[in-house]
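Step one of this worksheet: look at the structure below.
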(Lines give C-alpha, C1' and ligand atoms only; values in the text may rest on other atoms or scores of the structure.)
Protein backbone atom coordinates (compact mmCIF):
# COMPACT_ATOMS: atom_id res chain seq x y z
CA UNK A 1 0.00 0.00 0.00
CA UNK A 2 1.36 3.42 -0.93
CA UNK A 3 1.02 6.64 1.09
CA UNK A 4 -1.95 8.61 -0.21
CA UNK A 5 -3.74 11.90 0.37
CA UNK A 6 -2.29 15.36 0.67
CA UNK A 7 1.47 15.73 0.54
CA UNK A 8 3.20 15.04 3.84
CA UNK A 9 6.21 17.00 5.10
CA UNK A 10 9.38 15.05 5.69
CA UNK A 11 9.17 16.05 9.38
CA UNK A 12 5.91 14.09 9.55
CA UNK A 13 7.55 11.07 7.86
CA UNK A 14 10.40 11.18 10.38
CA UNK A 15 7.84 11.34 13.19
CA UNK A 16 6.11 8.22 11.79
CA UNK A 17 9.48 6.44 11.75
CA UNK A 18 10.23 7.53 15.34
CA UNK A 19 6.87 6.41 16.70
CA UNK A 20 7.06 3.07 14.86
CA UNK A 21 10.73 2.16 15.33
CA UNK A 22 11.55 3.86 18.63
CA UNK A 23 8.22 3.92 20.50
CA UNK A 24 6.70 0.75 18.92
CA UNK A 25 3.24 2.31 18.71
CA UNK A 26 0.43 0.72 16.74
CA UNK A 27 -0.60 2.02 13.34
CA UNK A 28 -3.79 3.49 14.78
CA UNK A 29 -1.92 5.33 17.54
CA UNK A 30 0.55 6.75 15.02
CA UNK A 31 -2.30 7.84 12.75
CA UNK A 32 -3.88 9.77 15.64
CA UNK A 33 -0.57 11.34 16.67
CA UNK A 34 0.17 12.54 13.11
CA UNK A 35 -3.45 13.16 12.06
CA UNK A 36 -3.14 10.77 9.12
CA UNK A 37 -5.23 7.85 7.99
CA UNK A 38 -4.20 4.37 9.10
CA UNK A 39 -3.69 3.33 5.47
CA UNK A 40 -1.30 6.25 4.89
CA UNK A 41 0.72 5.38 8.00
CA UNK A 42 0.74 1.71 6.95
CA UNK A 43 2.15 2.71 3.55
CA UNK A 44 5.09 4.55 5.08
CA UNK A 45 5.72 1.82 7.67
CA UNK A 46 5.82 -0.87 4.94
CA UNK A 47 8.30 1.19 2.94
CA UNK A 48 10.52 1.66 6.01
CA UNK A 49 10.41 -2.07 6.80
CA UNK A 50 11.05 -3.06 3.17
CA UNK A 51 14.16 -0.86 3.06
CA UNK A 52 15.32 -2.26 6.41
CA UNK A 53 15.85 1.18 7.93
CA UNK A 54 16.29 1.85 11.64
CA UNK A 55 15.37 5.16 13.27
CA UNK A 56 19.00 6.33 13.52
CA UNK A 57 19.34 5.97 9.74
CA UNK A 58 16.05 7.79 9.06
CA UNK A 59 16.94 10.65 11.43
CA UNK A 60 20.23 11.31 9.61
CA UNK A 61 18.55 11.69 6.21
CA UNK A 62 17.77 15.20 5.01
CA UNK A 63 14.49 16.13 3.34
CA UNK A 64 15.67 15.45 -0.23
CA UNK A 65 17.07 11.99 0.62
CA UNK A 66 13.99 11.07 2.62
CA UNK A 67 11.68 12.23 -0.18
CA UNK A 68 13.58 10.04 -2.64
CA UNK A 69 13.35 6.93 -0.44
CA UNK A 70 9.91 7.28 1.11
CA UNK A 71 8.07 9.86 -1.00
CA UNK A 72 4.49 9.10 -2.07
CA UNK A 73 3.68 7.64 -5.46
CA UNK A 74 0.79 8.78 -7.64
CA UNK A 75 -2.31 6.68 -7.34
CA UNK A 76 -5.56 6.70 -9.22
CA UNK A 77 -8.72 7.61 -7.36
CA UNK A 78 -11.65 5.23 -7.17
CA UNK A 79 -14.55 5.98 -9.50
CA UNK A 80 -16.95 5.21 -6.63
CA UNK A 81 -16.34 7.80 -3.90
CA UNK A 82 -17.14 6.76 -0.33
CA UNK A 83 -19.75 8.99 1.34
CA UNK A 84 -18.60 11.30 4.15
CA UNK A 85 -20.10 9.36 7.07
CA UNK A 86 -19.43 12.08 9.65
CA UNK A 87 -21.30 14.60 7.51
CA UNK A 88 -24.18 12.19 6.91
CA UNK A 89 -24.49 11.57 10.63
CA UNK A 90 -24.48 15.31 11.31
CA UNK A 91 -27.16 15.93 8.67
CA UNK A 92 -29.40 13.19 10.11
CA UNK A 93 -29.52 15.03 13.44
CA UNK A 94 -32.03 17.27 11.66
CA UNK A 95 -35.42 15.56 12.03
CA UNK A 96 -36.48 16.75 8.57
CA UNK A 97 -33.55 15.04 6.81
CA UNK A 98 -33.80 11.36 5.87
CA UNK A 99 -31.16 8.89 4.70
CA UNK A 100 -33.02 8.52 1.43
CA UNK A 101 -32.76 12.29 0.80
CA UNK A 102 -29.04 12.18 1.55
CA UNK A 103 -28.63 9.29 -0.88
CA UNK A 104 -30.39 11.25 -3.62
CA UNK A 105 -28.08 14.22 -3.02
CA UNK A 106 -25.06 11.88 -3.05
CA UNK A 107 -26.19 10.42 -6.37
CA UNK A 108 -26.60 13.90 -7.86
CA UNK A 109 -22.97 14.68 -7.05
CA UNK A 110 -21.66 11.21 -8.00
CA UNK A 111 -23.87 9.60 -10.69
CA UNK A 112 -21.54 6.57 -10.89
CA UNK A 113 -21.40 6.13 -7.11
CA UNK A 114 -22.76 3.36 -4.89
CA UNK A 115 -26.24 1.96 -5.28
CA UNK A 116 -28.91 2.65 -2.69
CA UNK A 117 -28.57 -0.73 -0.94
CA UNK A 118 -24.79 -0.43 -0.65
CA UNK A 119 -25.08 3.20 0.45
CA UNK A 120 -27.45 2.22 3.28
CA UNK A 121 -25.23 -0.73 4.24
CA UNK A 122 -22.12 1.44 4.42
CA UNK A 123 -23.77 4.03 6.64
CA UNK A 124 -25.42 1.47 8.96
CA UNK A 125 -22.11 -0.38 9.39
CA UNK A 126 -20.38 2.90 10.24
CA UNK A 127 -23.15 3.97 12.64
CA UNK A 128 -23.08 0.59 14.43
CA UNK A 129 -19.32 0.71 14.77
CA UNK A 130 -19.29 4.27 16.16
CA UNK A 131 -22.32 3.97 18.45
CA UNK A 132 -20.69 1.93 21.21
CA UNK A 133 -18.84 3.75 23.98
CA UNK A 134 -15.49 2.20 24.87
CA UNK A 135 -14.42 2.38 28.49
CA UNK A 136 -10.68 2.85 28.46
CA UNK A 137 -8.31 1.63 31.15
CA UNK A 138 -4.82 3.05 30.92
CA UNK A 139 -1.64 1.27 31.87
CA UNK A 140 0.46 3.00 34.54
CA UNK A 141 2.93 5.39 32.97
CA UNK A 142 1.17 5.27 29.61
CA UNK A 143 -0.65 8.58 29.20
CA UNK A 144 -1.10 12.08 30.61
CA UNK A 145 -4.25 14.04 29.66
CA UNK A 146 -4.06 17.85 29.40
CA UNK A 147 -6.76 20.52 29.17
CA UNK A 148 -7.73 24.01 30.36
CA UNK A 149 -10.59 24.78 32.70
CA UNK A 150 -13.47 26.89 31.44
CA UNK A 151 -13.82 28.47 34.88
CA UNK A 152 -10.87 30.66 35.86
CA UNK A 153 -9.25 31.74 39.14
CA UNK A 154 -8.46 35.42 39.74
CA UNK A 155 -5.95 37.79 41.28
CA UNK A 156 -5.94 41.57 41.81
CA UNK A 157 -3.39 43.94 40.28
CA UNK A 158 -2.19 45.96 43.33
CA UNK A 159 -1.35 49.00 41.16
CA UNK A 160 -4.59 49.36 39.22
CA UNK A 161 -7.06 47.28 41.22
CA UNK A 162 -7.95 45.40 38.03
CA UNK A 163 -9.16 41.80 38.47
CA UNK A 164 -6.98 39.50 36.36
CA UNK A 165 -8.41 36.18 35.13
CA UNK A 166 -5.61 33.73 34.21
CA UNK A 167 -6.27 30.30 32.70
CA UNK A 168 -6.19 27.17 34.83
CA UNK A 169 -4.05 24.41 33.29
CA UNK A 170 -4.91 20.85 34.36
CA UNK A 171 -2.98 17.60 33.69
CA UNK A 172 -3.85 14.12 34.96
CA UNK A 173 -2.08 10.76 34.69
CA UNK A 174 -4.31 8.05 33.25
CA UNK A 175 -3.12 5.19 35.45
CA UNK A 176 -3.63 6.81 38.86
CA UNK A 177 -5.61 10.06 38.31
CA UNK A 178 -2.70 11.93 39.91
CA UNK A 179 -3.46 15.58 39.09
CA UNK A 180 -1.44 18.72 38.47
CA UNK A 181 -2.84 22.24 38.12
CA UNK A 182 -1.43 25.76 37.83
CA UNK A 183 -2.52 29.19 36.66
CA UNK A 184 -0.97 30.58 33.47
CA UNK A 185 -1.19 34.04 31.96
CA UNK A 186 -2.64 32.72 28.69
CA UNK A 187 -3.12 29.65 26.53
CA UNK A 188 -0.39 30.77 24.13
CA UNK A 189 2.41 28.45 23.07
CA UNK A 190 5.10 29.42 25.60
CA UNK A 191 2.71 29.34 28.58
CA UNK A 192 1.28 25.99 27.43
CA UNK A 193 4.72 24.43 27.00
CA UNK A 194 6.03 25.73 30.33
CA UNK A 195 2.94 24.48 32.17
CA UNK A 196 3.44 21.03 30.61
CA UNK A 197 7.10 21.02 31.69
CA UNK A 198 6.00 21.88 35.24
CA UNK A 199 3.45 19.05 35.13
CA UNK A 200 6.15 16.53 34.13
CA UNK A 201 8.47 17.84 36.86
CA UNK A 202 5.65 17.65 39.43
CA UNK A 203 5.19 13.97 38.55
CA UNK A 204 8.95 13.40 38.58
CA UNK A 205 9.02 11.63 35.22
CA UNK A 206 7.55 11.30 31.74
CA UNK A 207 4.65 9.15 30.54
CA UNK A 208 4.71 7.63 27.07
CA UNK A 209 1.96 9.83 25.61
CA UNK A 210 0.40 13.27 26.01
CA UNK A 211 -3.26 13.58 25.01
CA UNK A 212 -4.08 17.22 24.33
CA UNK A 213 -7.11 19.16 23.15
CA UNK A 214 -7.12 20.92 19.77
CA UNK A 215 -6.14 24.36 21.03
CA UNK A 216 -3.86 26.33 18.69
CA UNK A 217 -0.89 26.35 21.08
CA UNK A 218 -0.78 22.55 20.87
CA UNK A 219 -2.30 21.68 17.49
CA UNK A 220 -2.43 23.78 14.34
CA UNK A 221 -3.34 23.04 10.72
CA UNK A 222 -1.52 26.12 9.43
CA UNK A 223 1.96 25.06 10.58
CA UNK A 224 4.58 24.66 7.81
CA UNK A 225 6.87 22.38 9.83
CA UNK A 226 4.24 19.88 10.87
CA UNK A 227 0.68 19.65 9.53
CA UNK A 228 -0.87 19.19 12.95
CA UNK A 229 1.26 19.48 16.11
CA UNK A 230 2.44 22.99 16.93
CA UNK A 231 6.21 22.98 16.21
CA UNK A 232 7.20 24.39 19.61
CA UNK A 233 5.10 21.82 21.45
CA UNK A 234 6.35 19.03 19.16
CA UNK A 235 9.97 20.04 19.84
CA UNK A 236 9.31 19.91 23.58
CA UNK A 237 7.78 16.43 23.14
CA UNK A 238 10.88 15.21 21.30
CA UNK A 239 13.09 16.60 24.08
CA UNK A 240 11.19 14.53 26.65
CA UNK A 241 10.67 11.58 24.23
CA UNK A 242 6.88 11.89 24.36
CA UNK A 243 4.19 10.98 21.86
CA UNK A 244 1.53 13.65 21.31
CA UNK A 245 -2.01 12.48 20.50
CA UNK A 246 -4.49 15.27 19.76
CA UNK A 247 -8.11 14.46 20.51
CA UNK A 248 -10.72 14.54 17.78
CA UNK A 249 -12.62 17.78 17.33
CA UNK A 250 -15.82 17.92 19.41
CA UNK A 251 -15.18 14.43 20.87
CA UNK A 252 -15.09 14.93 24.67
CA UNK A 253 -15.05 11.17 25.25
CA UNK A 254 -11.47 11.10 23.95
CA UNK A 255 -10.42 13.00 27.07
CA UNK A 256 -13.08 12.00 29.57
CA UNK A 257 -10.50 11.56 32.35
CA UNK A 258 -9.18 15.12 32.09
CA UNK A 259 -12.74 16.45 31.85
CA UNK A 260 -13.33 14.81 35.23
CA UNK A 261 -10.03 16.20 36.55
CA UNK A 262 -11.00 19.70 35.39
CA UNK A 263 -14.31 19.36 37.25
CA UNK A 264 -12.43 18.31 40.39
CA UNK A 265 -10.05 21.25 39.98
CA UNK A 266 -12.97 23.64 39.71
CA UNK A 267 -14.59 22.21 42.85
CA UNK A 268 -11.51 21.53 44.97
CA UNK A 269 -9.22 24.38 43.87
CA UNK A 270 -11.13 27.34 42.39
CA UNK A 271 -14.08 26.96 44.80
CA UNK A 272 -11.77 26.57 47.81
CA UNK A 273 -9.90 29.77 46.90
CA UNK A 274 -12.97 31.90 46.14
CA UNK A 275 -12.76 33.85 49.44
CA UNK A 276 -9.01 34.46 49.30
CA UNK A 277 -7.39 37.45 47.62
CA UNK A 278 -4.12 37.21 45.68
CA UNK A 279 -2.05 40.07 44.34
CA UNK A 280 0.16 38.34 41.77
CA UNK A 281 0.12 35.27 39.54
CA UNK A 282 2.93 33.74 41.62
CA UNK A 283 0.97 34.24 44.85
CA UNK A 284 -2.09 32.65 43.22
CA UNK A 285 -0.06 29.61 42.19
CA UNK A 286 1.14 29.18 45.78
CA UNK A 287 -2.50 28.97 46.85
CA UNK A 288 -3.29 26.55 44.01
CA UNK A 289 -0.36 24.34 45.06
CA UNK A 290 -1.75 24.13 48.62
CA UNK A 291 -5.22 23.07 47.52
CA UNK A 292 -3.71 20.73 44.90
CA UNK A 293 -1.97 18.80 47.67
CA UNK A 294 -5.31 18.45 49.45
CA UNK A 295 -6.90 17.16 46.24
CA UNK A 296 -4.21 14.55 45.61
CA UNK A 297 -4.20 13.43 49.25
CA UNK A 298 -7.99 13.15 49.46
CA UNK A 299 -9.25 9.51 49.43
CA UNK A 300 -11.09 8.52 46.23
CA UNK A 301 -14.48 6.94 46.90
CA UNK A 302 -14.08 4.29 44.19
CA UNK A 303 -10.68 2.99 45.35
CA UNK A 304 -10.53 3.95 49.02
CA UNK A 305 -7.06 5.42 48.37
CA UNK A 306 -5.86 8.88 47.46
CA UNK A 307 -4.52 9.85 44.08
CA UNK A 308 -1.04 10.20 45.57
CA UNK A 309 -1.16 6.71 47.10
CA UNK A 310 -2.21 5.20 43.78
CA UNK A 311 0.48 7.20 42.00
CA UNK A 312 3.21 5.93 44.34
CA UNK A 313 1.98 2.34 44.22
CA UNK A 314 1.11 2.03 40.52
CA UNK A 315 2.56 4.74 38.35
CA UNK A 316 5.64 6.44 39.76
CA UNK A 317 8.03 3.60 38.89
CA UNK A 318 6.59 3.32 35.36
CA UNK A 319 7.48 6.87 34.35
CA UNK A 320 10.69 7.39 32.39
CA UNK A 321 13.28 9.72 34.01
CA UNK A 322 13.32 13.39 33.12
CA UNK A 323 16.19 14.60 30.89
CA UNK A 324 19.14 16.17 32.64
CA UNK A 325 18.43 19.56 31.11
CA UNK A 326 15.10 21.35 31.17
CA UNK A 327 13.67 22.15 27.74
CA UNK A 328 14.34 25.70 26.53
CA UNK A 329 11.28 26.95 24.69
CA UNK A 330 12.07 27.41 20.98
CA UNK A 331 10.19 29.02 18.11
CA UNK A 332 10.29 28.67 14.32
CA UNK A 333 10.09 31.02 11.39
CA UNK A 334 10.89 30.95 7.67
CA UNK A 335 13.22 33.47 6.09
CA UNK A 336 14.84 34.20 2.74
CA UNK A 337 18.62 34.61 2.62
CA UNK A 338 19.53 38.15 1.53
CA UNK A 339 22.36 39.13 -0.84
CA UNK A 340 24.59 39.73 2.20
CA UNK A 341 24.12 35.98 3.06
CA UNK A 342 22.35 36.90 6.32
CA UNK A 343 18.80 36.27 7.55
CA UNK A 344 16.90 38.66 9.79
CA UNK A 345 15.40 37.66 13.14
CA UNK A 346 13.76 40.36 15.25
CA UNK A 347 15.92 43.19 13.81
CA UNK A 348 19.21 41.27 14.17
CA UNK A 349 21.12 39.51 11.38
CA UNK A 350 22.66 36.02 11.33
CA UNK A 351 24.92 34.57 8.64
CA UNK A 352 24.47 31.38 6.62
CA UNK A 353 26.74 29.88 3.94
CA UNK A 354 26.84 32.30 0.97
CA UNK A 355 25.77 29.56 -1.46
CA UNK A 356 22.25 29.84 0.06
CA UNK A 357 21.72 33.43 -1.17
CA UNK A 358 18.11 33.68 -2.39
CA UNK A 359 17.07 30.37 -0.75
CA UNK A 360 14.39 29.94 1.89
CA UNK A 361 15.59 28.54 5.24
CA UNK A 362 14.02 27.49 8.55
CA UNK A 363 15.05 29.31 11.74
CA UNK A 364 14.69 27.73 15.20
CA UNK A 365 15.38 30.20 17.99
CA UNK A 366 15.12 30.64 21.74
CA UNK A 367 16.58 33.16 24.17
CA UNK A 368 20.12 31.80 23.88
CA UNK A 369 20.50 30.09 20.49
CA UNK A 370 19.63 30.56 16.80
CA UNK A 371 19.81 27.45 14.59
CA UNK A 372 19.25 27.73 10.83
CA UNK A 373 18.38 24.74 8.60
CA UNK A 374 17.99 24.22 4.87
CA UNK A 375 15.96 21.23 3.59
CA UNK A 376 16.17 19.50 6.97
CA UNK A 377 19.94 19.95 7.42
CA UNK A 378 21.31 22.44 9.96
CA UNK A 379 23.65 24.87 8.17
CA UNK A 380 24.37 27.48 10.86
CA UNK A 381 24.20 28.00 14.60
CA UNK A 382 24.72 31.29 16.45
CA UNK A 383 24.53 32.74 19.96
CA UNK A 384 21.37 34.87 20.19
CA UNK A 385 21.76 38.64 20.24
CA UNK A 386 19.09 41.19 21.09
CA UNK A 387 20.89 44.27 19.73
CA UNK A 388 18.82 45.82 16.89
CA UNK A 389 20.84 46.03 13.68
CA UNK A 390 23.64 43.83 15.04
CA UNK A 391 25.29 41.34 12.66
CA UNK A 392 26.39 37.91 13.88
CA UNK A 393 28.72 36.54 11.21
CA UNK A 394 30.61 33.26 11.01
CA UNK A 395 33.74 33.78 8.87
CA UNK A 396 33.28 30.29 7.40
CA UNK A 397 30.09 31.51 5.72
CA UNK A 398 31.83 34.29 3.80
CA UNK A 399 32.50 33.91 0.04
CA UNK A 400 35.99 33.44 -1.40
CA UNK A 401 36.02 35.13 -4.81
CA UNK A 402 32.96 33.13 -5.82
CA UNK A 403 31.69 33.99 -9.32
CA UNK A 404 28.02 33.80 -8.38
CA UNK A 405 28.54 36.12 -5.45
CA UNK A 406 30.71 38.66 -7.27
CA UNK A 407 27.67 40.27 -8.87
CA UNK A 408 26.94 41.64 -5.38
CA UNK A 409 30.37 43.17 -4.69
CA UNK A 410 31.29 46.44 -2.93
CA UNK A 411 32.73 47.68 -6.24
CA UNK A 412 29.42 47.21 -8.02
CA UNK A 413 27.51 49.06 -5.30
CA UNK A 414 30.06 51.92 -5.43
CA UNK A 415 29.60 52.15 -9.21
CA UNK A 416 25.82 52.50 -8.81
CA UNK A 417 26.30 55.26 -6.24
CA UNK A 418 28.77 57.09 -8.54
CA UNK A 419 26.09 57.30 -11.24
CA UNK A 420 23.85 59.27 -8.84
CA UNK A 421 26.48 61.74 -7.65
CA UNK A 422 29.59 62.37 -5.60
CA UNK A 423 27.70 62.96 -2.33
CA UNK A 424 25.82 59.66 -2.64
CA UNK A 425 29.05 57.84 -3.50
CA UNK A 426 30.79 59.34 -0.47
CA UNK A 427 27.88 58.44 1.81
CA UNK A 428 27.85 54.82 0.55
CA UNK A 429 31.62 54.59 1.06
CA UNK A 430 31.36 55.86 4.65
CA UNK A 431 28.58 53.40 5.47
CA UNK A 432 30.61 50.43 4.17
CA UNK A 433 33.70 51.62 6.04
CA UNK A 434 31.70 51.82 9.27
CA UNK A 435 31.09 48.04 9.21
CA UNK A 436 33.46 45.24 10.16
CA UNK A 437 32.68 43.57 6.83
CA UNK A 438 31.46 45.61 3.81
CA UNK A 439 28.79 42.94 3.20
CA UNK A 440 27.06 44.03 6.41
CA UNK A 441 26.31 47.37 4.77
CA UNK A 442 24.79 45.94 1.57
CA UNK A 443 21.18 46.13 2.82
CA UNK A 444 21.45 49.79 3.84
CA UNK A 445 23.40 50.80 0.71
CA UNK A 446 21.00 49.10 -1.69
CA UNK A 447 18.04 50.66 0.11
CA UNK A 448 19.57 54.16 -0.13
CA UNK A 449 20.38 53.75 -3.83
CA UNK A 450 16.80 52.62 -4.54
CA UNK A 451 15.50 55.87 -3.01
CA UNK A 452 16.59 57.52 -6.26
CA UNK A 453 13.75 55.63 -7.99
CA UNK A 454 11.16 56.52 -5.36
CA UNK A 455 12.13 60.20 -5.40
CA UNK A 456 14.78 61.52 -7.86
CA UNK A 457 18.58 61.20 -8.15
CA UNK A 458 18.85 64.95 -7.55
CA UNK A 459 16.95 64.76 -4.27
CA UNK A 460 18.97 61.76 -3.14
CA UNK A 461 22.18 63.64 -3.90
CA UNK A 462 20.92 66.61 -1.86
CA UNK A 463 19.83 64.31 1.00
CA UNK A 464 23.22 62.56 0.94
CA UNK A 465 24.99 65.88 1.35
CA UNK A 466 22.82 66.73 4.35
CA UNK A 467 23.32 63.21 5.81
CA UNK A 468 27.10 63.62 5.51
CA UNK A 469 27.00 66.95 7.34
CA UNK A 470 24.79 65.53 10.11
CA UNK A 471 26.62 62.18 10.24
CA UNK A 472 23.47 60.16 9.46
CA UNK A 473 24.54 56.67 8.42
CA UNK A 474 21.33 54.59 8.30
CA UNK A 475 18.81 53.90 5.56
CA UNK A 476 15.90 54.61 7.89
CA UNK A 477 17.08 58.12 8.80
CA UNK A 478 17.70 59.10 5.16
CA UNK A 479 14.37 57.69 4.03
CA UNK A 480 12.59 59.56 6.84
CA UNK A 481 14.37 62.78 5.82
CA UNK A 482 13.26 62.47 2.20
CA UNK A 483 9.70 61.33 2.97
CA UNK A 484 9.21 64.42 5.16
CA UNK A 485 10.91 66.74 2.69
CA UNK A 486 13.61 67.73 5.19
CA UNK A 487 16.29 67.39 2.51
CA UNK A 488 14.86 70.60 0.99
CA UNK A 489 14.92 72.58 4.26
CA UNK A 490 17.88 74.72 5.33
CA UNK A 491 18.60 74.31 9.03
CA UNK A 492 19.66 77.14 11.36
CA UNK A 493 23.18 75.81 11.82
CA UNK A 494 23.56 75.77 8.04
CA UNK A 495 22.86 79.51 7.63
CA UNK A 496 25.77 81.79 6.96
CA UNK A 497 27.26 83.35 10.09
CA UNK A 498 26.33 87.04 10.56
CA UNK A 499 29.22 89.56 10.80
CA UNK A 500 30.14 90.72 14.30
CA UNK A 501 28.57 94.00 15.40
CA UNK A 502 30.87 97.01 15.92
CA UNK A 503 29.84 100.17 17.81
CA UNK A 504 31.57 102.92 19.81
CA UNK A 505 29.64 101.97 22.95
CA UNK A 506 30.80 98.36 22.79
CA UNK A 507 33.89 98.16 24.96
CA UNK A 508 35.21 94.73 23.99
CA UNK A 509 37.30 92.29 26.03
CA UNK A 510 40.45 94.48 26.00
CA UNK A 511 38.71 97.16 28.08
CA UNK A 512 38.44 94.89 31.15
CA UNK A 513 42.00 93.63 30.69
CA UNK A 514 43.33 97.19 30.79
CA UNK A 515 41.31 98.04 33.90
CA UNK A 516 42.60 95.12 35.88
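The values are calculated or read from the model by the stated rules, or taken from the named source; none is laboratory data. Fair warning: this is a prediction, and the values are worked out from it, not measured in the lab. Heads up, the Cβs are rebuilt from the backbone with ideal geometry, glycines too, and the neighbour counts pull from every protein chain shown.
Observations
- Any hit, region 155-171, residues being under 28 Å from residue 22 (Cα atoms) and out of contact with any strand residue (DSSP E or B) (no Cβ under 8 Å at 6 or more places or on another chain): no
- In this entry, residue 219 is excluded by the filter for residues that are surrounded by fewer than 23 Cβ atoms within 10 Å (Cβ to Cβ), under 15 Å from residue 146 (Cα atoms), modelled with pLDDT of 90 or more and touching a helix residue (DSSP H, G or I) at 6+ places or on another chain (Cβ under 9 Å).
- Yes/no for residue 28 being surrounded by fewer than 18 Cβ atoms within 10 Å (Cβ to Cβ), in contact with a helix residue (DSSP H, G or I) (Cβ under 9 Å, 6 or more places away or on another chain), at pLDDT 80 or above and not in a loop (DSSP other than H, G, I, E, B): yes
- Of all the numbered requirements in (1) out of contact with any helix residue (DSSP H, G or I) (no Cβ under 8 Å at 6 or more places or on another chain); (2) in contact (Cβ under 8 Å) with a residue 12 or more places away in the chain, residue 466 misses one, and that requirement is (1).
- Considering 427, 460, 451, the condition of being within 38 Å of the chain's Cα centre (by Cα), crowded, with 19+ Cβ neighbours inside 10 Å, more than 18 Å from residue 388 (Cα to Cα) and not assigned by TED's automatic domain parsing to the domain that holds residue 339 is satisfied by 451 alone.
- Per-region count, region 32-75, residues at pLDDT below 80 and under 20 Å from residue 129 (Cβ atoms): 0
- Applying the criterion of being loosely packed, with under 14 Cβ neighbours inside 10 Å and in contact (Cβ under 8 Å) with a residue 12 or more places away in the chain to the residues of region 284-298, the residue that is nearest to residue 161 (Cα to Cα) is 294.
- A single member of 266, 301, 324, 277 is in contact (Cβ under 8 Å) with a residue 40 or more places away in the chain, loosely packed, with under 13 Cβ neighbours inside 10 Å and not assigned by TED's automatic domain parsing to the domain that holds residue 366, and it is 277.
- Applying the criterion of being closer than 30 Å to residue 87 by Cβ and in contact with a helix residue (DSSP H, G or I) (Cβ under 8 Å, 6 or more places away or on another chain) to the residues of region 235-255, the residue that is modelled with the lowest pLDDT is 252.
- Scanning region 334-348 for residues that are under 21 Å from residue 410 (Cβ atoms) and touching a residue at least 40 places away in the same chain (Cβ under 8 Å) returns 338, 339, 340, 341, 342.
- Hits in region 396-415 (condition: surrounded by fewer than 16 Cβ atoms within 10 Å (Cβ to Cβ) and either at pLDDT below 80 or touching a strand residue (DSSP E or B) at 6+ places or on another chain (Cβ under 8 Å) (or both)): 398, 400, 401, 402, 403, 404, 406, 407, 409, 411, 412
- Per-region count, region 276-333, residues touching a helix residue (DSSP H, G or I) at 6+ places or on another chain (Cβ under 8 Å) and at positive phi: 0
- Here residue 1 fits the description: at pLDDT below 80 and surrounded by fewer than 20 Cβ atoms within 10 Å (Cβ to Cβ).
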